[in-house]
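The values are calculated or read from the model by the stated rules, or taken from the named source; none is laboratory data. Predicted model only: the values in this text are computed from it and were never measured. For neighbour counting, all protein chains shown are included, and Cβ atoms are generated from backbone atoms with ideal geometry for every residue, glycine included.
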């Protein structure tokens, strides 16, 4: 009996070691304080990596420069992958404190906050939306409109090394240009990872532009409902609970369109090293 237990411990240690073998100084620069579970509970990132390796989880990792990017551009797709048995990790890179909706809240509604306070309110919207989608999530704060390609690449490599990633998703560089979106897109494009790479359109639906090489992902009714439920977390107005519909106020026209009509999302596969994988998950 003791030999069996010892053998199992060795197997568990080996599985963990294969994913957590290089926790060096470069990794600790971007190592999150914790990972949040889909239920909102804190979890040590090393424990998550070990469990993932032991259980054989496959992951979809979404890098969101600001709160709401992940739901606007990929909410239905996230739910689809989750239904297909994948684990989802959403990595928030900034608190989105530079949003124009901070001025709107102050000038129009009389709710005036510092950038730091405002960013924390945006993070609360993000948490509610991602939990609605049933995803794991990590929160960084590298400064809105201040992302650096090198840092984003380190973050991407951090998760690529520790999780069995099927796809890394980043926002596409679209007509409605956003510096942080561009930096995140270029970071993934210019780094070598084991997982496949993909971009998702956020504004393309509103502007009806065609992303060259784009794949139109037709969503199931269940996925549309999941996206709408998550979008609602960014529309929720209840100042008594410190909820100010910040995501919605940033671009009401886009939100109204997406909330009423979510038939598709636009995905661009950059590198598809495993065609059989793509056919099984898209």
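Set side by side, the residues 77, 94 differ, and just one is surrounded by 14 or more Cβ atoms within 10 Å (Cβ to Cβ), within 25 Å of residue 249 (Cβ to Cβ) and modelled with pLDDT under 95, which is 77. Being free of Cβ contacts under 8 Å to residues at least 60 places away in the same chain, touching a strand residue (DSSP E or B) at 6+ places or on another chain (Cβ under 7 Å) and either assigned to a loop (DSSP other than H, G, I, E, B) or over 21 Å from residue 154 (Cβ atoms) (or both) is true of residue 82. If only residues of segment 242-272 that are surrounded by fewer than 17 Cβ atoms within 10 Å (Cβ to Cβ) and over 21 Å from the mean Cα position of the chain (by Cα) are counted, the one that is modelled with the lowest pLDDT is 261. The set of residues in segment 174-187 that are touching a strand residue (DSSP E or B) at 6+ places or on another chain (Cβ under 8 Å) and modelled with pLDDT under 90 contains only 178. Taking segment 49-79 as the range and being assigned to a strand (DSSP E or B) and under 21 Å from residue 235 (Cβ atoms) as the test, the residues that pass are 62, 64. Screening 71, 37 for residues that are closer than 27 Å to residue 254 by Cβ and modelled with pLDDT of 90 or more leaves exactly one candidate, 71. Is it fair to say residue 138 is outside any helix (DSSP H, G or I), under 24 Å from residue 55 (Cα atoms), touching a strand residue (DSSP E or B) at 6+ places or on another chain (Cβ under 6 Å) and in contact (Cβ under 8 Å) with a residue 60 or more places away in the chain? Considered against the rule, which asks whether it is outside any helix (DSSP H, G or I), under 24 Å from residue 55 (Cα atoms), touching a strand residue (DSSP E or B) at 6+ places or on another chain (Cβ under 6 Å) and in contact (Cβ under 8 Å) with a residue 60 or more places away in the chain, residue 138 comes out as yes.
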